[in-house]
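A quick write-up on the structure given underneath.
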Amino acid sequence: MEKEIRALKQALAKANRVAALTGAGISAESGLPTFRGADGLWRNHDVMQLATPEAFSMDPKLVWEFYNWRRNLISGLTFNPGHKALVDLEAGIDHFTLITQNVDGLHLKAGSKNLLEIHGNLWKVKCTKCQTVTVDMSSDMGPLPKCKECGGLLRPQVVWFGESLDYGLLNRAVEAARACQLMLVIGTSAVVQPAASLAFEAKAAGAVVAEINLEKTPNSGIMDFVLLGKSGDILPKLLEHRP
Ligand code: BV8
Ligand code: ZN
């Protein structure tokens, strides 16, 4: 592992255009359960069933209970050395774009600037009637929160399974993947599309791609580096003695 980290550090030192793609794994060391790990279930509901427009139209109260539970959990957590290392990396590289699948807001809390939250952010809410989007940091928004403007039912401003991603954000993410010389893919099982294909975009455009994850994934085969371990351990090592 040390040899691989040294080699990746050298590749990183040569790059001035870097992209990073993160998933739930980078927030695991902050105490946030991942989606597909053993803790991927919430009160024996499958998260994949809850994070859908169908679940919300059928039982908005249950879906709001799930998101209030996550708000409550995340409000007691903070970013970890993995998030922080990406902030430090951004400070030292001319062109750095952080693309995250996470909706927990921990990259923002850590201080990341050029951040694309391609699946949205659970601290933002959107009115299902007038479409107004607001930021609301409360750890519990109540059973069926309503819009202050028009009284419409609010929903979390996140991309549910079966919903399209914001085209503009996805476009910027694809551009960053195609333009970078090196992409770090961190803490994602590379199952969710179209996020997982961003690593292929970078590879196809000639970038060096590195995966930092607890386990191998369907993307491991295209990687130039596969560093198996905790992102909170590995990422700070990539930054040690950076000029
Ligand atoms: C869409 C917001 C077009 C909600 C989320 C092909 C093309 C297009 C679509 C599809 C397709 N195939 C299938 C689909 C449908 C679907 C999909 O991808 N399904 C999968 C499950 C097969 N995709 C969609 O629906 C997307 N929409 O493409 O629109 C369209 C429109 C209509 C009809 C069809 C298509 C929308 C996807 C967005 C879903 N929303 N989040 C919310 O969070 O409340 S995704 C959700 O999963 C989270 O954002 C999460 O981040 C994300 C991905 O999971 P991971 O981040 O990878 O997390 P996971 O737990 O899986 O893995 C964690 C990894 O970390 C593990 O490998 C673990 O080993 C590792 N790890 C753990 N601890 C650590 C660690 N690594 C390092 N250090 C540690 N300490
Ligand atoms: Zn409204």
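Readers should treat all values here as calculations from the given coordinates under stated rules, not as data from a laboratory. All figures in this text were calculated on a predicted structure; none of them were measured in a lab. Glycine gets a Cβ as well: all are built from the backbone with ideal geometry, and neighbour counts include every protein chain shown.
Taking the alpha-carbon centroid of each part, what is the distance from the range 159-180 to the range 59-91 in angstrom?
Spelled out, the Cα-based centre of one part sits 20 Å from the other.
With only Lys, Arg, Asp and Glu charged, each at its Cβ (+1 for the first two, -1 for the last two), find how big the charge dipole of the chain is about the Cα centre; round to the nearest 20 debye. Kindly include the intermediate steps, with their values, before the conclusion.
Numbers: 26 positive and 25 negative charges, 65 e Å.
Value, rounded to 20: 320 debye.
Which of the trypsin sites (Lys or Arg not before Pro) found in the range 214-243 are loop residues per DSSP with 14 or fewer other Cβ atoms within 10 Å of their Cβ? It would help to have the intermediate numbers written out before the result.
Numbers: sites: 216, 230, 237; in loops: 216, 230.
The qualifying sites are 216.
Amide H neighbours of residue 159 under 5 Å, counting only residues 5+ apart in sequence or on other chains, H built in-plane at 1.01 Å?
Sorted by chain and number, the residues that satisfy this are 120.
Please identify every one of the GluC sites (Glu not before Pro) in the range 205-243 that sits in a loop by DSSP and has no more than 11 other beta carbons within 10 Å of its own beta carbon. Mind dumping the intermediate values first?
Working: sites: 211, 215, 240; in loops: 215, 240.
Of the GluC sites (Glu not before Pro), the ones in loops of the range 205-243 whose Cβ has at most 11 other Cβ atoms within 10 Å are 215, 240.
What GluC sites (Glu not before Pro) does the range 92-169 have in DSSP loop regions with at most 13 other beta carbons within 10 Å?
Working: sites: 117, 149, 163; in loops: 149, 163.
In loop regions of the range 92-169 (DSSP not H, G, I, E or B), the sparsely surrounded GluC sites (Glu not before Pro) are 149, 163.
Got a sec? Charge dipole of the chain, +1 on Cβ for Lys and Arg, -1 for Asp and Glu; which of 239, 210, 7 is way out at the positive end?
239
What number, in nm² with one decimal, is the all-direction average of the projected area of the convex hull of the alpha-carbon atoms of the chain?
If you wrap the Cα atoms of the chain in a convex hull and average its projections, you get 12.7 nm².
Charges at C-beta only: +1 for Lys and Arg, -1 for Asp and Glu. How large is the resulting dipole of the range 104-186 about its Cα centre, in Debye rounded to 20?
It works out to roughly 140 debye.
Taking the dipole about the Cα centre of the chain, with the C-beta of Lys and Arg at +1 and of Asp and Glu at -1, give me whichever of 68, 114, 47 is farthest to the positive side.
114
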